[in-house]
1. Where q = 0.16, 0.23, 0.27 Å⁻¹, what log10 of I(q)/I(0) comes from the Debye formula for the range 203-242, counting one point per Cα?
2. Could you work out, for the range 73-197, what percent of all Cα-Cα pairs fall into each 10 Å distance bin, beginning at 0 Å and stopping at the bin that holds the largest distance?
3. Where the accessible area of the range 164-293 is counted over protein heavy atoms with a 1.4 Å probe, how much of it, in %, is carbon and sulfur?
4. Within the range 171-247, which chymotrypsin sites (Phe, Trp or Tyr not before Pro) sit in a loop by DSSP and count at most 13 neighbouring Cβ atoms inside 10 Å?
5. Please report, in whole Å, how far the alpha carbons of the range 150-215 spread along each principal axis, starting with the longest.
6. Write out the trypsin sites (Lys or Arg not before Pro) in the range 124-216 meeting two conditions: DSSP loop, and at most 14 other Cβ atoms within 10 Å of their Cβ.
7. Looking at 178, 141, 190, which one has the Cα that reaches farthest to the positive end of the dipole of the range 136-193 (charges on Cβ: Lys, Arg +1; Asp, Glu -1)?
8. Pairs to check: 184/216; 117/162; 191/276. Give those whose C-alpha atoms are more than 18 Å from each other in this structure.
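The values are calculated or read from the model by the stated rules, or taken from the named source; none is laboratory data. Since we're looking at a predicted model, the values are computed, not measured. For neighbour counting, all protein chains shown are included, and Cβ atoms are generated from backbone atoms with ideal geometry for every residue, glycine included. Note: accessible area is taken over every heavy atom of the protein model, side chains too, but ligands, DNA and RNA are not part of it. Shrake-Rupley method; radii C 1.70, N 1.55, O 1.52, S 1.80 Å.
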Amino acid sequence: MFGYEFANPGYFLLLVLLVPMILWYIFREKKSHADLQFSSLRAFKGIKHAGRIWLRHVVFALEVLAIVFLVFALARPQADNSWQTYNSEGIDIVLALDVSGSMLAQDFTPDRLEAAKEVATKFILERPQDRIGLVTFAGESFTQCPLTTDQAVLVNLLREVKSGMIEDGTAIGLGLANAVNRLKDSPAQSKVVILLTDGVNNRGAIAPATAAELAKTFNIRVYTIGVGTYGEAPYPVMTPFGVQLQNVPVEIDEEILQQIADLTGGHYFRATDNDKLQQIYQEIDQMEKSKIEVKHFSKKDEKYFVFGLIGMVLLITQAVLRYTLLRKIP
């Protein structure tokens with residue numbers, strides 16, 4: 001009705017009360033007319049009554065309309081034509097992020113970890129239709145955020161990630177296995193892990209190759225990213241004179257990262273600066289745009305305020321007219 005749906009249509013039953021109200025008004029009007037008998041109406045022929053005689057019904061008409069609008073407001077009209085269509089990719093993604101001490105190296109701006117968090121945040125915000133989770137790892141691994149479509153929660157948890165929050169080291173296999181565990185029972189038709197690290201596996205009870213086999217078993221595609229420039233990178237070191245930057249060799253196990261990607265049907269990327277890291281995430285974003293299904297979501301806009309406002313205006317108007325221009329004189 002009128003392009004609206006109503007959340008509480010039962011209130012329309014109140015409109016039935018208007019029937020006796022209108023009948024009573026008609027009956028009262030007839031009873032209020034004075035009768036005067038004339039032998040002939042010839043003398044009144046051609047005399048037109050003033051149009052204002054009909055204005056006496058305006059007050060009642062406004063009152064009825066006010067009740068109608070207020071009942072509509074109680075029924076809570078909602079716009080039903082605000083449909084929005086999204087392409088649902090049907091993809092679940094887990095970001096596996098290395099938070100070891102070496103991620104504080106400053107060959108990225110301001111450092112590797114902060115650069116990775118910034119780019120990952122943009123990636124998350126550009127994929128509102130997918131469920132995304134976050135796993136962090138260093139010498140150990142834990143789930144920072146399970147799979148979710150709540151971007152705000154995920155981004156806030158990502159901002160809280162920092163180096164030193166777990167035991168130091170680089171357990172690539174453990175981090176990947178944790179991400180696989182988060183995805184293995186997912187009903188999504190496409191499951192992806194984006195694993196970012198800047199080192200060589202030196203901790204954890206699970207070898208990277210073993211974790212890759214697990215990912216393959218559960219049809220999980222793994223994109224691996226090696227973060228770090230070539231040669232040496234400035235790394236903050238505590239000295240007797242405070243924190244100072246010292247150049248340390250960059251060691252990334254590119255061979256194992258390539259093997260993980262090849263085994264699971266993903267790709268390996270090497271990021272040497274902020275721009276390259278941004279390009280890598282954009283490339284992954286484009287590769288994971290396989291449209292699997294389309295879902296329709298409806299956002300209903302509440303419209304009761306407009307009806308309620310019109311009803312109140314009509315009530316006020318009829319009250320003003322009743323006691324001013326259309327006032328009855330006894």
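1. Relative scattering, expressed as log10 I(q)/I(0), comes to -0.69, -0.87, -0.96.
2. In order of increasing distance, the bins hold 13, 39, 27, 11, 6, 4, 0 percent.
3. C and S atoms contribute 48 percent here.
4. Sites meeting the loop and neighbour criteria: 230, 241.
5. 34, 29, 16
6. 162, 184
7. Of 178, 141, 190, it is 190.
8. 191/276
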